[in-house]
Amino acid sequence: MHYRILSGLLAASLLTGCQWLPEQPDAASQETAEKTTCDEVIPTLVESDCLVEAWIDYGLASQRGDREWRDRMLESLESLKGKSERLHLARAVALSWGSEQEWSQAAELYRNNLHAAPSDLQPLFRYWFNELEGRRAMGERLASSEAQRYQLATKNKELAAKLEALTDIEQNINLRQQSP
């Protein structure tokens with residue numbers, strides 16, 4: 001009888017002790033852990049402790065990079081297989097700091113892929129997207145004001161030519177009136 005009680009207590013203690021055993025990671029979590037390194041050139045979209053910092057670093061590198069850096073980065077993004085949201089967002093960040101012609105492409109990539117970013121990253125991408133849209137709007141206003149300035153300058157030249165012609169006519173009339 002003591003053996004029964006003792007074996008029952010032993011079994012109960014073994015079963016309750018399992019909760020303190022370390023969990024064995026499955027293959028999927030090991031694969032995710034491998035993909036979340038913080039030193040990748042192109043950050044991932046896998047949630048990790050360094051996710052936001054990695055994208056900020058990438059954004060700053062893109063902002064500070066010259067045309068050559070940007071071309072190399074866009075080329076390496078093109079060479080990667082697949083059309084994942086990660087690659088589209090990385091491309092959008094790089095294009096955001098390119099030429100004005102690239103800004104509309106970057107805005108389209110942000111619009112189409114922002115939803116795929118983890119919730120921690122979405123405010124950062126929205127900020128970058130809004131900043132890009134602000135630059136695009138300022139560029140459009142500048143182009144519009146330049147076109148308006150050109151029209152006004154052309155009209156000014158036309159008016160100056162007409163004024164000069166009127167001045168010549170007035171001088172001719174004055175000369176005729178002074179002649180006897």
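The values are calculated or read from the model by the stated rules, or taken from the named source; none is laboratory data. Owing to the predicted nature of the structure, the values given are computational and were not obtained by experimental measurement. No Cβ is skipped: glycine too gets one built from the backbone with ideal geometry, and neighbour counts run over all protein chains shown. Note: accessible area is taken over every heavy atom of the protein model, side chains too, but ligands, DNA and RNA are not part of it. Shrake-Rupley method; radii C 1.70, N 1.55, O 1.52, S 1.80 Å.
Scanning the stretch 96-128 for residues that are within 15 Å of I56 (Cα to Cα), surrounded by 19 or more Cβ atoms within 10 Å (Cβ to Cβ) and either free of Cβ contacts under 8 Å to residues at least 24 places away in the same chain or of a type in the set (A, V, I, L, M) (or both) returns A117, L121. Going by what's in this entry, would R176 be described as under 27 Å from W103 (Cα atoms) and in a helix (DSSP H, G or I)? No; evaluated as a whole, the condition is false for this residue. Residue pairs whose Cβ atoms lie under 6 Å apart, sitting 6 or more positions apart in sequence or on different chains, and linking a residue in the stretch 134-146 that is closer than 16 Å to E102 by Cβ to a partner that is open to solvent by 60 Å² or more (accessible area, probe 1.4 Å) and part of a helix (DSSP H, G or I), are G139/E100. Hey, could you check the stretch 75-94 for residues that are of a type in the set (A, V, I, L, M) and part of a helix (DSSP H, G or I) and say which is farthest from E108 (Cα to Cα)? Across the stretch 75-94, the extreme among qualifying residues is L77.
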